[in-house]
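Just below is one structure, and these are the notes that go with it.
The values are calculated or read from the model by the stated rules, or taken from the named source; none is laboratory data. Nothing here was measured: the structure is a model prediction, and the numbers come from that model. Cβ placement follows ideal geometry from the backbone for every residue including glycine, while neighbour counts extend to all protein chains displayed. We work out accessible area using only protein heavy atoms, side chains counted, and drop any ligands, DNA or RNA first. Shrake-Rupley method; radii C 1.70, N 1.55, O 1.52, S 1.80 Å.
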Amino acid sequence: MNESLPHSSAPSSSVPHSADEAPSPTERLITAARGGDGDALGELLSCYRKYLVFLARSGLHHHLRGKADPSDLAQEACLAAHANIAEFRGETAEEFASWLRGILTNTLAMHVRKYLGTQKRDPRLEQHLNQSLASASGFLQSRIVGDVTSPSQHFARNEAFLRLAEALETLTDDYRQVIVLRHVEGLPFAEVAQTMQRSVHSVEKLWVRALAKLKSQMDER
């Protein structure tokens, strides 16, 4: 990438480990990756790939829908992260997610400028993209995680957003879209129905089925 990459900064929800709390598997991968372990970095980025795909899909909704592939954008962001891991200063899963989100914002902004035929940076565009991706990421770490996960599941609750992103990417397009419109963009059912060209009643039923399917997918993880 030809733009400066963001340094990590801990989100307000990040809570440091107590002295006797063991690091999670993801955090051990982060430590190893920062220490120069290429295999650990590859495994780490693989863990975050679906997270990036979901964010890219959300970011494309307003700017490049049908013009770019979310998986390709996620891969481009992973390659940039691989090349610039020395820039990362964090330790937690949330901090790494925040750093990757900044890289993906830059990636999306470059593609939008290319599509518009300009190389000039637009701070307003980048701010809008960052807000869009932050909303999608915030949704993954919101209370809905508690609604679709159970305490018996084996992954750490503070990393459940990674499993939730994976589960969302297994849903059909209409299931995923109704969840994104309702929970990421915060639209009322009437506007969701208009966007999806359905009746309000059918959208409400679709939303209920989508959340049930999402919970089922999480239960299998």
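In straight-distance terms, cross-link reach from K67 covers every one of the lysines whose alpha-carbon lies under 16 Å from its own, apart from those fewer than eight places away in the same chain; here that gives K114.
Of the whole protein surface, R198 contributes about 90 Å² of accessible area at a 1.4 Å probe radius.
Which listed residue (H82, I103, Q127) has the Cα farthest towards the positive end of the charge dipole for segment 74-127, taking +1 on Lys and Arg C-beta and -1 on Asp and Glu C-beta about the Cα centre? Comparing the listed Cα positions along the dipole, Q127 ranks first. Taking 13 Å as the straight-line reach from the Cα of K205, the aspartates and glutamates in range (excluding those fewer than 8 positions away in the same chain) are D174. So what does H128 come to for accessible area, using a 1.4 Å probe and Å² rounded to 10? Only protein atoms counted, so the area is about 80 Å². Accessible area per residue for segment 50-119, computed on protein heavy atoms with a 1.4 Å probe, is 42 Å².
A 1.4 Å probe, protein heavy atoms only, puts the accessible area of V178 near 0 Å².
Could you tell me the distance between the Cα centroids of segment 197-215 and segment 57-117, to the nearest Å? For segment 197-215 versus segment 57-117, the Cα centre distance is 29 Å.
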